[in-house]
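One structure is given below, encoded as structure tokens.
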């Protein structure tokens with residue numbers, strides 16, 4: 001699959017294995033949701049590709065627990081992924097990278113939290129972006145736990161740390177996308 005070859009151009013060793021495994025879980029869940037929503041075959045292909053590439057930007061971050069020794073902070077991985085995929089010629093896939101963190105990051109979040117990000121909204125807009133973002137909430141990249149699905153309550157708790165509005169977005173997605181069955 002070309003997406004895995006692209007990941008391997010930017011990542012190697014333990015980091016590649018973690019990101020590849022995490023992305024496969026996210027992709028499977030996103031495809032399950034997309035199937036439930038009866039998305040088109042073209043949308044399904046896009047979701048498969050973009051879900052595999054959504055974390056490519058971690059190649060430039062400093063996260064030693066993931067085997068990553070770049071110079072950027074982890075919060076930057078979405079923006080960095082966007083730049084990489086735009087340079088590679090995948091502008092729509094690039095938007096998924098930038099917009100997949102949590103349930104999205106607003107320009108108000110960036111200012112309020114003093115995040116080292118460009119001051120712009122980075123929230124999933126298209127249905128495909130939302131589906132991938134939703135699926136990503138259920139899996140971490142923590143070594144040894146990549147395969148473990150987070151509970152809905154755990155996700156709610158994680159999002160609550162950033163405000164009730166973030167939890168509300170997740171609740172709306174649960175209603176729209178359904179509760180995952182994890183037969184992935």
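Averaging Cα coordinates gives a centre for region 86-140 and one for region 30-80; these two points are 10 Å apart. The overall shape of region 143-184, judged from the alpha-carbon gyration tensor, is oblate: a/c is not under 1.5, and a/b is no greater than b/c.
Here r is the Cβ-Cβ distance between residue 87 and residue 108 and R0 is 30 Å; the resulting FRET efficiency, rounded to 0.05, is 0.55.
Compute the Cα gyration tensor for region 1-153, then decide on rounded, prolate or oblate, letting a ≥ b ≥ c be the square roots of its eigenvalues: rounded whenever a/c is under 1.5, prolate when a/b is larger than b/c in the other cases, and oblate in all that remain. Cα axes put region 1-153 in the rounded bin. Extension gain for the segment residue 115 to residue 161, taken as residue separation times 0.36 nm less the Cα-Cα distance, is 15.0 nm to one decimal.
In plain terms, the chain from residue 42 to residue 74 could stretch by 8.4 nm, reckoned as 0.36 nm per residue minus the Cα-Cα distance.
Shape class for region 1-49, computed from the alpha carbon gyration tensor (a ≥ b ≥ c): oblate, with a/c not under 1.5 and a/b at or below b/c.
The calculated 222 nm mean residue ellipticity attributable to helices in the chain amounts to -18000 deg cm²/dmol, summing -39500 (n - 2.57) over DSSP H runs of n ≥ 4 and dividing by all residues.
A short reminder: the numbers here are calculations on the coordinates, not readings from a lab. For clarity, every value in this text was computed on a predicted model and none was experimentally measured. Neighbour counts run over all protein chains shown; Cβ positions are idealised from the backbone, glycine included.
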